[in-house]
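Input: a single structure, listed below in structure tokens.
The values are calculated or read from the model by the stated rules, or taken from the named source; none is laboratory data. Small disclaimer: the values here were computed from a predicted structure and weren't measured. Here the Cβ is made from the backbone with ideal geometry for all residues, glycine too, and neighbour counts use every protein chain on show. Note: accessible area is taken over every heavy atom of the protein model, side chains too, but ligands, DNA and RNA are not part of it. Shrake-Rupley method; radii C 1.70, N 1.55, O 1.52, S 1.80 Å.
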Amino acid sequence: MKPAPFKYAKAETVAEATALLDQHADDVKVLAGGQSLIPLMNMRLARPEVLIDITGIDELSGIEVNGALTIGATTRHVEVLRSNEVRAFAPIIAAAMRHVGHVGVRTRGTFGGSVAHADPASEIPAIVIALDGELTVAGPSSERTVAAADYFVSTFTTDMEENEILTAVRFPYPLDRARWSFHEVARRHGDFALVGVAAVAEVDDAGVCTRARIALSGVSDVPVRATAAEELVVGSTIGEVAAEAGRLAERQIDPGSDFHASAEYRKEVARALVTRALNDMATKGEAR
Ligand SMILES: Cc1cc2nc3c(=O)[nH]c(=O)nc-3n(C[C@H](O)[C@H](O)[C@H](O)COP(=O)(O)OP(=O)(O)OC[C@H]3O[C@@H](n4cnc5c(N)ncnc54)[C@H](O)[C@@H]3O)c2cc1C
């Protein structure tokens, strides 16, 4: 299928992009990698009158480590996956990227596009939640930072206005010494996951967990933290509470049933994945 007619503009700066968005505010969309937007337009599920292409804006692309890790919004998935800086700072990001679509999708799709698209089944929003990411959002006259916990509002909806763009995602804490685990269950490799878990934990010399983040995808309209499980794990030896933490995560969530899986199945998978992730972190520190 082909999209409805639209006008196209290629912005060269963030200021130009946000000014164009402001000018066409009623029916405009940012175009990044196009891996989600173009299929929606081809199926006529989205019919923007104007597309503002942001992939030519140099300042939006790139990976920088400077105490924190900053990934520019239009950095392609494949660049994140292959980045040594990303792997050294937070190997869980690279591990999760391997589950994002297929080579073609990862070659065109952008890190910021996945975050801004806010698909609750997507790997990257769950990573952003698990790693306490900070989103930099630019509008026509100002820039602001939004905490991950406030950014994802509901399915395909974020805390961004029509005239704003996501410019970068910042991860404040290095995870080179943290334990981590990423797992998901999808019907086929490269499909969106039915349920996924991104977990990180810090453990002291006595083997006691001092900090834990467990984020689940595919179980709600936004990625959710399994807070009851996190509270149990902190102050404990992870392996000893893994099974109970999985049960707490299962009890906390209230997923819907759909064409892909029933609510009961998603709850059971979430329990199993949280338990598996914690057991990984207890025994070998990481799972890929
Ligand atoms: C066959 C297939 C399989 C896929 N499998 C997976 C998968 O398993 N996991 C997964 O996570 N994703 C998957 N995807 C989606 C892919 O990861 C996309 O790259 C991603 O969802 C969107 O990124 P994009 O750069 O292509 O954004 P686009 O498609 O260009 O844009 C998506 C939406 O985000 C908005 N947007 C994009 N960038 C910005 C920005 N910087 N600021 C403000 N708004 C912005 C657009 O206006 C649009 O509404 C798949 C896609 C395909 C086609």
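Identification of strands (runs of 3 or more DSSP E) wholly contained in the range 1-68 with 2 or more residues that are closer than 23 Å to GLU134 by Cα yields 28-31, 63-66.
Just checking, does the range 103-113 include any residue being open to solvent by 30 Å² or more (accessible area, probe 1.4 Å), among the β-branched types (Val, Ile, Thr), closer than 22 Å to GLY196 by Cα and near the ligand (Cβ under 9 Å from one of its atoms)? Yes: the range 103-113 contains one or more residues that are open to solvent by 30 Å² or more (accessible area, probe 1.4 Å), among the β-branched types (Val, Ile, Thr), closer than 22 Å to GLY196 by Cα and near the ligand (Cβ under 9 Å from one of its atoms). Only residues that are at pLDDT 95 or above and more than 15 Å from the ligand (Cβ to nearest atom) were counted in the range 67-83, giving 4. Among the residues of the range 64-110, those that are hydrophobic (A, V, I, L, M, F, W, C) and closer than 14 Å to SER122 by Cβ comprise VAL80, ILE93, ALA96, MET97, VAL100, VAL105. Against the condition assigned to a loop (DSSP other than H, G, I, E, B) and under 14 Å from the mean Cα position of the chain (by Cα), how does VAL128 come out, does it pass? Taking the combined requirement at face value, the residue does not satisfy it. The set of residues from the range 1-43 being open to solvent by 80 Å² or more (accessible area, probe 1.4 Å) and either polar (S, T, N, Q) or under 20 Å from HIS77 (Cα atoms) (or both) comprises just one member, GLN23. When you scan the range 77-97, do you find a residue that is small (Gly, Ala, Ser), more than 26 Å from GLU164 (Cβ to Cβ), open to solvent by 50 Å² or more (accessible area, probe 1.4 Å) and touching a residue at least 24 places away in the same chain (Cβ under 8 Å), even just one? Among the residues of the range 77-97, at least one is small (Gly, Ala, Ser), more than 26 Å from GLU164 (Cβ to Cβ), open to solvent by 50 Å² or more (accessible area, probe 1.4 Å) and touching a residue at least 24 places away in the same chain (Cβ under 8 Å), which makes the answer yes. Within the range 238-258, the residues that satisfy the criterion of being farther than 11 Å from GLU268 by Cα, of a type in the set (A, V, I, L, M) and free of Cβ contacts under 8 Å to residues at least 40 places away in the same chain are VAL241, ALA243, ALA245, LEU248.
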